[in-house]
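Novice: A single structure is presented below for examination.
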Amino acid sequence: MSNYLSFIRDKMMTEKDRKIPQIVILGLEGSGKSTVLNRLLFGTIAEGQPEQSTCFVNVKYGTTILSVIEAGEETARESPYFQDILGEIDGVVFVIDSQSNRHIEASFEYVFTLFDKIPQKTSILFLANKIDKPDAVPFPDLLQDPAFQIIMDDINRSVSIYPISAKTGETFYTAFDWIISRMTGRTPLREDVTPKRVIILQEGGVPAFDYTFDASSIEEHDSTLLGGLISALNIMATTIFESESVMDVVKLGAMKMIIRKVSGWSIVLFVGRDDSESKAQSLAEEILQAFIEERNRDPTKEMPKQVKYEILSKIPEIAIALDQEPIKDD
Ligand SMILES: Nc1nc2c(ncn2[C@@H]2O[C@H](COP(=O)(O)OP(=O)(O)OP(=O)(O)O)[C@@H](O)[C@H]2O)c(=O)[nH]1
Ligand SMILES: [Mg+2]
């Protein structure tokens, strides 16, 4: 193991010259580090998790290449090579297992054993993982945890926390967008997504929201394809949207279709064929969150175009696409 770590350390130093951002994923055994890494690598989770508790890979995230190191508990605590790595790293992702208070307490204890070894300039992302578990500790309770309050009070650090599920992918890309924009010092991929149409479906596939951004930008044959596809989706909805391992990016004509699922709702976002997938996925999640908020506030089924417009304008990147569109009623 120590040979492998000295190899990682040397490799990191080379990558540093090439200015590749470097992230280390830390967390207790079983917190979900490998599941996070698999989702970063493949956009989904692998069946059998890797046996290696420490590994090093390059990952393509949108247009950014990252070096990612998953470090098991023992490595992170004990290896002197790892201490060198930690001292040079651009970003740290701590995976917190939020399935019970006991797990959270143990996670923060672990965080404190490593916190002082992380340089001040390094961005730190906390992932409150496993929020899909029915008895997971609610996120607002976790935020009240005194241990976390201490961390947030350190104003010299760039720190954030997101509730996620590495298993279902919920809020995953929003969280990684945050740390990657911090590390690279730019908003990632903002101009790389052109939303074309967005459809939100209820459980069972009933459409609850449908918005076409710029109808003239959708080619006629794509429009026909789209129509056929949406009817097909409706028919297959129960199979597609009930499944955990749904194929969530589909290319179609000049477009790409992104599917995300959050608490019973499914969103289908159509963007340009070569647009950034991870950015489109995080946008789809943000639209869905904004929609769910509005729906909880006002559960009426009919949503006038004006309300849809207001929901979409809450998301800065989407608002840009909306500005060219005059508001008219359906
Ligand atoms: N329900 C649920 N299970 C998860 C989630 N993330 C990970 N798991 C499960 O938790 C278990 C441990 O996940 P791993 O990704 O192997 O954890 P790890 O942190 O890499 O563990 P070590 O490498 O042994 O330190 C696996 O059974 C995962 O399927 C999640 O978001 N939700
Ligand atoms: Mg692992």
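The values are calculated or read from the model by the stated rules, or taken from the named source; none is laboratory data. These figures come from a predicted structure and were not determined experimentally. Every residue, glycine as well, gets a Cβ built from its backbone with ideal geometry; the counts of neighbours run over all protein chains shown.
Novice: For residues in the range 1-37 being among the basic types (Lys, Arg) and outside any loop (DSSP other than H, G, I, E, B), which is farthest from ligand 1 (Cβ to nearest atom)?
Specialist: Here is the first cut: in the range 1-37, the residues among the basic types (Lys, Arg) are 9, 11, 16, 18-19, 33.
Retained after the next criterion (residues that are outside any loop (DSSP other than H, G, I, E, B)): 9, 11, 16, 33.
Values: ARG9: 20, LYS11: 20, LYS16: 25, LYS33: 3 Å.
The extreme case among them is LYS16.
Here's the yes/no breakdown for (1) under 29 Å from THR174 (Cβ atoms); (2) within 16 Å of ligand 2 (Cβ to nearest atom); (3) at pLDDT 85 or above:
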site: MET1; (1), (2), (3): no, yes, no
site: MET13; (1), (2), (3): no, no, no
site: PRO21; (1), (2), (3): yes, no, yes
site: LEU26; (1), (2), (3): yes, yes, yes
site: GLU29; (1), (2), (3): yes, yes, yes
site: ILE45; (1), (2), (3): yes, yes, no
site: GLN49; (1), (2), (3): yes, yes, no
site: GLU73; (1), (2), (3): yes, yes, yes
site: GLU88; (1), (2), (3): yes, no, yes
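Novice: Give me a count of the residues in the range 69-95 that are within 18 Å of ILE164 (Cβ to Cβ) and in contact with a Phe, Trp or Tyr (Cβ under 6 Å, 6 or more places away or on another chain). Walk me through how you get there before you give the answer.
Specialist: The first filter runs over the range 69-95 and keeps only residues within 18 Å of ILE164 (Cβ to Cβ), leaving 70, 91-95.
Remaining after also requiring in contact with a Phe, Trp or Tyr (Cβ under 6 Å, 6 or more places away or on another chain): 94.
Total satisfying the criteria: 1.
Novice: Somewhere in the range 70-79, is a residue more than 17 Å from LYS33 (Cβ to Cβ) and in contact (Cβ under 8 Å) with a residue 12 or more places away in the chain?
Specialist: no
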